[in-house]
Every structure is written in C-alpha cells, then in structure tokens.
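Everything below concerns the one structure shown next.
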Amino acid sequence: SVYGISYGTTVMGTYATVFPNHVNLLVLDGSTCPDNDIVDWIDVLARSMNQRIDYFIASCEFGTQCGRKNMRSCVNKLNNLLQGNAKDLMDTLSLSPAKALIITTVVVFAYEDISAVLCDATEEGDYESIKKLLQALFEPQGVILKSLQDPDVDSHSKPTANELWFPQSKEDWPFSGYKMKASGSVCQDIIFGQDKTFGPYDEDLYVKTLMDLNLKYPGAGTQIPMFSPQQWYSATYYWPEPTPLSPIGNSRLTGIIAGQVYDPATPYICTQEMRENFKSATLLTSRSVNHGLNSAFDQGMRGGNGCISHYQRYLEQGYIDVPDGTVCESDAIGDVCTINEIITGQGCIGTHGFFDDDDTVPDDPPVLSE
C-alpha cells in the first residue's frame, strides 16, 4: 500500500504509475499536479493563492468581521502606497513594503474603528499617518507581530542566518566575509529541478514570466501569490539536465485522491487532475483551508475525527466507504484563519479569531495621530 502527501504524491503517484501491480491500497492527499510542465504548475499555484486571498476578503466583506465593505480596494491601494515609499520604510523602520503591508492589513481587519481611518489615509495618499501607525505598533506598549520585522542579513561580523542551518558556521565559513543564507528547501529544489520540464534558460523570459504572473494574480494588491511560484520557477532556472517523470496516473487502480479547496501549498485543481488520471479512484474533498486532511478543520474537528477518517478507515479495513466526489464541510475561513496566515500564505492553526495566541495585540487600537 502507498500513501503520499504533498510532494509525496509525486513520489507515490509515480510508483503507482510505474509499478501498478505492486500497489494494494492507494491514498494521495494534497496532490501536486500530475504532469511535469513547470509553467503550468506556477500558474495554477499563483491562481490558487490568489483565490484563497480573495475568498477570505469576500468572506470578511459579506460577513461582520470587516469595518469597511470595500476592503479589497483599501488593501490594494495600501500596497501601492507602501511600495512607493519602500526606501523610507527600510531606512526608518527596517521594514520591507511586503512586511509593512502584512502588519497594516492585520490592523485593518482586526480593528473596526481604525480600519476606516487607515483606509481613508490610504485613499488620500497620507503615507506619514500610516508610518506613525507602524511606529506605534513597534512601541513597547503596542508591540504587534514584531517577528515580522526584517532581520539583519548575514555579514562578516554577524553571520547569524546561516547558523540556523549550519551550527558549525563561523565568521570565516566558508570564506571570510561571506554573505549567504541557506535555504531549508534546497534539497527539494534540486529534486524539483530534476522532475520538471520547460524551465527558463533566458533571463528576460524568466523575469517576464514572473511579472506577468504578478499582474494576472495580484492577491488584492499584496503580490503574495507570486512568492511561492517564484521559488519553484527559480528551481528550474538554467537547470542543466532535467530528468522528467512519466505523467502520473493509471486508469485501473482504485484508491482515494484527497484535497482541500483552499490548500495554500498544493492547488486543489491538481487534486482534480490527479483524480482524472486515476479514473477508478474516489475523490474526497474538504472545504477547509490547510494542506493535507490531517490539518483540516471539519466543523470543529481536526485530525482523525474529521474528513481524514474516511481514508484512515480505508487503510485499516481495505474498502472505501464514501462515494466518489464526497465533500466534507469545514469551519468558516474567518473562524480558523487569521489575516496574517492568509496574507503570508500559511496554513491556519484554528484560532477562532484574527490573531493567534503568540501575537501580542493591544486591547485598544493604536492611534494614528494625537
């Protein structure tokens, strides 16, 4: 029997494709797309991230959480204003525009009283008032999401980031004055470069593809939908000798193909395509917003008591007890996700509120000006 989740669906799906006679039970959860075209992959990934942001904002606007009905326009214009003052943000607050947008957007969604004021300041192009808000948030009495403040980069005297991955690192490792940040995804990037095809071998095409993707899926002006695709597209940049896998699928194998509609890591459309390639399999869908059914929020249930229990019983007992196309209900996105989790493309930990327990949030909203 084989079970794959996330990129493990590529591994286990390929095994099932190449060695179908050696497969008893099959479960693929949170699927990657079954073909090898990197350009198709980054498009569906950006599209999925964009829809997740749109769905959260729409749920907010049509519900009672938002202090302003046209929140999308506010976030979009706020992003443009912060981008236009990028140098001042970095010089005075050590914040990139992206991080500043996350912080101010959290405030917009969390405080009904201040959201209208902040959005009005954005509408008027009043950057100084917004800057005062950001400064207030980093005061000792009003700290909020301080972990989002941009860290110091590596330098000859402070190679801290690299020590995260290489504890033996010293100032002269691997050579004096190095400036390097090791990526926790480097191993998967190497595998990805091998597995995928049609990566960029032209610098202008590489840049244009990502710029076009950003225009197509702006994420309500946050530009977040392009970040993850950029990583995967970059993994194939000038890759010397790709070794593409066989397209995944087998029309005779039974099993369960599972996914979440608003999965931030593997787009649900890939789950649909995987089910199409395993034509005898059963599609199991959760309306939840996380990656893998083990993290789904199914009407207050998480883990073995929710949607995942269907394929757990299948693996234990050997038979499928749900019809093809079964859709599990889930908690509302506004109840389990914070705006910070949505804007940064994270999974949701289920706070039943806008902030998680580790966020230090003032009881009263910060004041823009005296």
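The values are calculated or read from the model by the stated rules, or taken from the named source; none is laboratory data. Given the structure is predicted, the values throughout are model-derived calculations rather than measurements. Ideal geometry is used to build each Cβ from the backbone, glycine not excepted, and the neighbour counts take in all protein chains shown. Just the protein is used for accessible areas: all its heavy atoms, side chains included, with ligands, DNA and RNA removed. Shrake-Rupley method; radii C 1.70, N 1.55, O 1.52, S 1.80 Å.
Accessible surface for K208 stands near 120 Å², nearest 10, in the context of the full protein assembly shown (1.4 Å probe).
For C328, the amide hydrogen comes within under 5 Å of the amide hydrogens of T285, S286, R287, counting only partners 5 or more places away or on other chains and with H modelled in the peptide plane. Residues in the stretch 210-219 carry Karplus couplings, in order, of 6, 5, 5, 5, 5, 5, 6, 10, x, x Hz; the curve used is 6.51 cos²θ - 1.76 cosθ + 1.60 with θ = phi - 60°, and Gly or Pro positions show x. Each Cα pair under 8 Å and six or more residues apart adds its sequence gap; the mean of these over the residue count of the stretch 199-260 is a relative contact order of 37 percent. The string of couplings for the stretch 228-241 from the Karplus curve (6.51, -1.76, 1.60, θ = phi - 60°) is 5, x, 4, 4, 6, 5, 5, 5, 9, 5, 6, 5, x, 9 Hz, one whole number per residue in order, with x for Gly and Pro.
Amide H contacts under 5 Å for I256: L26, V27, L28, T282, restricted to partners 5 or more places along the chain or on a different chain, H placed in the peptide plane at 1.01 Å from N.
Per residue, the stretch 232-287 exposes an accessible area of 41 Å² to a 1.4 Å probe, with every protein chain left in place. In the complete set of protein chains, residue-level accessible area for D195 is approximately 20 Å², probe 1.4 angstrom.
Mean projection of the Cα convex hull over all viewing directions, computed for the stretch 207-311: 8.8 nm². With the whole protein complex present, R275 retains an accessible surface near 40 Å², based on a 1.4 Å probe. Shown in residue order for the stretch 268-280 are the 3J(HN,Hα) couplings computed by the Karplus curve 6.51 cos²θ - 1.76 cosθ + 1.60 at θ = phi - 60°: 4, 4, 5, 4, 4, 5, 5, 4, 5, 7, 9, 5, 9 Hz (x for Gly and Pro). Think of the stretch 1-93 as a dipole: +1 on every Lys or Arg Cβ, -1 on every Asp or Glu Cβ, centred on the Cα centre; then among L45, C33, S1, L45 lies furthest on the positive end. A Cβ-based charge dipole, computed about the Cα centre of the stretch 190-337 with Lys and Arg at +1 and Asp and Glu at -1, lands at about 220 debye.
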